[in-house]
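All of the numbers you see were taken from the coordinates with simple rules; none came from a lab. Remember, predicted model here, so these are calculated numbers, not experimental data. Cβ placement follows ideal geometry from the backbone for every residue including glycine, while neighbour counts extend to all protein chains displayed.
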Amino acid sequence: MPFPDTEPYRQFQVVFKTYYNLLCNYALTFTKDADASEDIVQDLFIKIWEQRRELLQEASIRYYLFTAIRNNCITWLRREKQLATVPWNDHQTISQPAYYPEEPAEEKDERLLLERAISQLPPKCKEVFLLSRFGKLSYKEIAATLDISPKTVENQLGKALKMLRAFLKECGVCLTLILVAILP
Amino acid sequence: MQDTDYIKLVLKHLDSEATPAEQAALQHWLEADQQHRLEYQTLERIWRDSGKVLNKHSFDVEAALEKVENRLAIPDALVPRSSMPARLQVWSFPWKWSLAAASVLLVAGTAGWWYLTRPQLNEIHADRAAVRVALPDGSRVHLRQGAVLRYSGSLADGNERMVELSGEAFFEPVHNPARPFHIQTEHAILQDIGTSFLVKDAAATDELTVITGKVKFAEKADPSNSLTLTEGHKAILSGNRFTVSGATGGNVISWTTGILDFKDEPLRDVVADISDFYQTPVVLDAGMSDKARAARVTARFEHQPLKDILEEIRLTTGLSTRKEKGTFVFFQE
């Protein structure tokens, strides 16, 4: 039972279930720490419920969530740097470096290659790309979040896609051929 | 067209950002050459796959939701009437912890249940969060998470009002000498004597803290074994023995307010309050000196996550923490 079965709470559950995994993965790109990422995302949801419940019904919730997570992750990183905090023994860090796969044997897997390609994007370019691909935010929203112009967003995204394309080409993964094979 | 130009066109199309002119330009480019169409598909695939690649780690959403629910405060207005027994009303005005108006009492103990055999048993479970309810007689109860309150009928029949409690709760009964308000726990019966009170029912003991007013505290098996507790006192019933102590710290009802307030209190008490409040074991290392245990702490925390509070204490005391099997341990380096 008895968490309130009311409209606002149903709304909360829907938003939570829709975005939780995505937001944690997004936070993970900053923190590289699964527990910390989950904490950051959970804290945000609690704050929304307690202070900004009206946001749950707004179309801009996506924009709000991603912008808030980015800000909170940056705050977290800053604090981690400042405070040499005592690590908990059971503190779990994702040991598998999702964004830095090294095993050359796996290079045939194009997804792993893509991962590596994304990890090698220049920082600013990567940040725009992540907000776009995770958050599916509009160029205007990304521009507002990062405090840059929509034109810069467009340019950085174009640059990202071009670099990913070039990287994959270089690695000899012939996506084009694969596609040709699939096409009738 | 330059590389970057068509890539941008494709991208804007995929991101639904292309203007009609850009759409037309893209269409024109695609129709111009079979290679262009293949290139488009490659780019689209990279674009689509990068979304999947980035979202590849799976977090346990259900477990996370449950964890979050446990930390959520539920405003009175959102406690559904439908899930409450028919005669219960939601308490919709702000809870006033005015100790002047009435007396308050707190009890503790847990364990098995006995069921009233009378019809229309009302049950209120505070499974996932604290719940505030108003009883049909106008009395108010704030159940701590995990507590269950039962009562029969509308509390309007008979010469007395009787409710049963498992867990911890804060009571503010409407006083009526003609029909005294009773609370039964597994081992005890409590009767308010012109008070409001908080009851907690834990394991083998029952604990009663009277914040204001007077409460009669009796052993259930032998009601003649009783005492009357006045405000600012705490009594523990263990077996058939009562232990009475003086006024408790200010944080016994913190769970109802979300506020932990420490004024020059020894660290060991602070840690015990925090542990109780968050329902998470927090202890001092066995090797810690008595002096460090008695270090004075003055701090106020309002609705803060445990993590922040632990950090605050680390910073003010210079102690460190480690986590051992779910228990936070403060220790001296």
Rounded FRET efficiency, nearest 0.05, which uses the C-beta distance separating B:LEU227 from A:LEU55 and R0 of 35 Å: 0.10
Alpha-carbon centroid distance for the pair the range B:128-152 / the range A:25-87, whole angstrom: 34
Each residue of B:166-179 has, on average, a number of other protein chain C-beta atoms within 10 Å of its C-beta equal to 0
Residues of B:6-12, mean number of Cβ from any other protein chain within 10 Å of their own Cβ, rounded to a whole number? 5
Show the residues, 5+ positions off or on another chain, whose built amide H is closer than 5 Å to the amide H of B:ILE211. B:VAL104, B:LEU105, B:LEU106, B:LEU198, B:GLY232
Neighbouring partner chain Cβ atoms per residue of B:57-64, average, 10 Å criterion: 6
With label points set 7 Å from each Cα along the Cα-to-Cβ direction at A:ASN155 and B:ARG293, the distance between them in nm comes to 6.6
Suppose we look only past 22 Å in the calculated P(r) of the range B:205-316. What percent of the Cα-Cα pairs does that tail hold? 44
Filtered trypsin sites (Lys or Arg not before Pro), the range A:29-80: DSSP coil and at most 15 other beta carbons within 10 Å: A:ARG52
Quick one: net charge around B:PHE262, please, counting Lys, Arg +1 and Asp, Glu -1 for every other residue with C-beta under 10 Å from its C-beta. -2
Under a Cβ-Cβ cut-off of 14 Å, what is the net charge of the residues other than A:LEU146 that fall near it, where Lys and Arg count +1 and Asp and Glu count -1? +1
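Net charge near B:LEU38: determine it from the other residues with C-beta under 12 Å of the C-beta of B:LEU38, scoring Lys and Arg +1 and Asp and Glu -1.
Charge balance near B:LEU38 sits at -1.
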Quick one: length gained pulling B:ARG45 to B:ASP308 fully straight, 0.36 nm per residue minus the C-alpha distance? 90.3 nm
